[in-house]
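Okay, so here's the structure we're looking at.
Computed from the coordinates by the stated procedures, all read-outs in this text should not be read as laboratory data. No experiment lies behind these values; they were computed from the predicted model shown. A quick note on method: Cβ atoms are made from the backbone with ideal geometry, for glycine too, and the neighbour counts reach across all protein chains shown.
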Amino acid sequence: MFDWIPSENYTLIYYNMLFMVVLLTVLHTQLLGIDERKNKSYLQFTGKIILLFVILYMGLRPVSGFYFGDMGTYNMYFESYQEGNPIIAKDDVAFHLFMKACSYVMTAGTFFLLCAAIYVLPLWYLSKKWFADYWFYAFLLLVGSFSFWAYGTNGIRNGMATSLFIIALVFTERKAVMIFFLLLACAVHKSILLPTVAYGLTLVQNNPKKYFYVWLAAIPLSLALGGFWENFFAGLGFGDDRMSYLTEGNINEDDFSSTGFRWDFLIYSATGVFAGYYFVIKKGFKDKLYHHLLNIYLIVNAFWILVIRANFSNRFAYLSWFMLALVIIYPFLKQRFFLKQHQVIGYVLIAYFTFTYLMNVILA
């Protein structure tokens, strides 16, 4: 473990390290062509270093519920299973079975390292499969996303489930493998049912224009009907006990709870909508896989907008936000749209990470 790093500075160091890498990468985008050998060498070398850094730094962090939220709870579960106690959890049993199995053969520290690997490696694998030599741009955006660190250190189970969902998207041409990962993701965290259902809808109707209308309609519907949607979805029982977030107050004094209509986070979400609209509608970008990805994002984010006032609505927002980096960067790495596209990629990198740094460091 990195015990020599004070826990109170641990997260800050992560963001500062990533900030330096982002600046260095942006510098390369401004000085070198994307296909130049020096640039490709930089992407491969730096990408491998950052992959190892993120897994090890996240996975070997000190065990702390104070600084890393739910990590303390998971540690108590793990220690209970080490003592031979049975699984008492009724929800997301797959994760508890995984935890109990690990408790027989490893320490809690090794378990959290394994969780970090399961969280991060699918992002690397998808980036490599989708973007080949330019995978590091996508991977850097993913690990530099606003909620990435929080869901690797606090909402660990949710983060792992979203990564399993992402790996399923790699196997859209191998249905059995894709379905396996989708089911596994839902078993680890039932909230993944929402993006899974959204993906199913895109298999029936994959026209982005219609989902843009759905997303836009969600804003006035949320503004006009207020808490109706929270009560409506809670009444349906969607997402099991997590629906208590929709109707209960701010029981844990969370900073992103019961704070009204979050225009700032709506604008953040809208960056993905704007990117999709620009490339698909304005530029005529036709890519079936991207259309699926974009439409899943639009559907799930629209759901969050409807329940935006709910307690812990960030947990619903994350069900779309974990795809935001891919929605934004995918077209840039698949087709040329700008004369100096490599430089534009640099602008996107710095703008995207600036929001992350602003919210998690400067305004934290």
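So, R0 is 51 Å and r is the distance between the beta-carbons of Lys175 and Met359; what FRET efficiency does that work out to, to 0.05?
Numbers: r = 38 Å, r/R0 = 0.75.
E(calc), rounded to 0.05, equals 0.85.
Descending by average beta-carbon neighbour count within 10 Å, the peptides 18-30, 145-157, 120-132 line up as 145-157, 120-132, 18-30, the highest first.
Give me the extension gain from Ile219 to Tyr278: residue separation times 0.36 nm, minus the current Cα-Cα distance, reported in nm with one decimal. All intermediate terms of the calculation are to be shown ahead of the outcome.
Values: separation 59, 0.36 × 59 = 21.24 nm, distance 1.98 nm.
Additional length available on full extension: 19.3 nm.
Mean residue ellipticity, 222 nm, helices only, the chain: the sum of -39500 (n - 2.57) across DSSP H runs of n ≥ 4, divided by residue count and rounded to 500, is -21500 deg cm²/dmol.
In terms of its alpha-carbon gyration tensor, the range 122-197 comes out oblate; a/c meets the 1.5 threshold, while b/c is at least as large as a/b. A simple spin-label model places pseudo-atoms 7 Å from Cα toward Cβ; at Ala270 and Lys288 they are separated by 3.4 nm.
When percent of Cα pairs over 30 Å apart is computed from the coordinates, the matching label among (1) 37; (2) 45; (3) 57 is (1). Our estimate of slack between Gln343 and Leu23, defined as 0.36 nm per intervening residue step minus the Cα-Cα distance, is 113.9 nm.
Remark: the Phe66-Asn85 segment gains 4.4 nm on full extension, using 0.36 nm per residue and subtracting the alpha carbon distance.
So for Asp92, Asp3, fewest C-beta neighbours within 10 Å to most, what's the order? Please list the in-between numbers first.
Details: Asp92 21, Asp3 9.
So the residues, fewest neighbours to most, are Asp3, Asp92.
Of the complete DSSP H runs in the chain, those spanning 30 angstrom or more by Cα along the long axis with a mean Kyte-Doolittle score not below -1.0 are 7-31, 37-59, 108-131.
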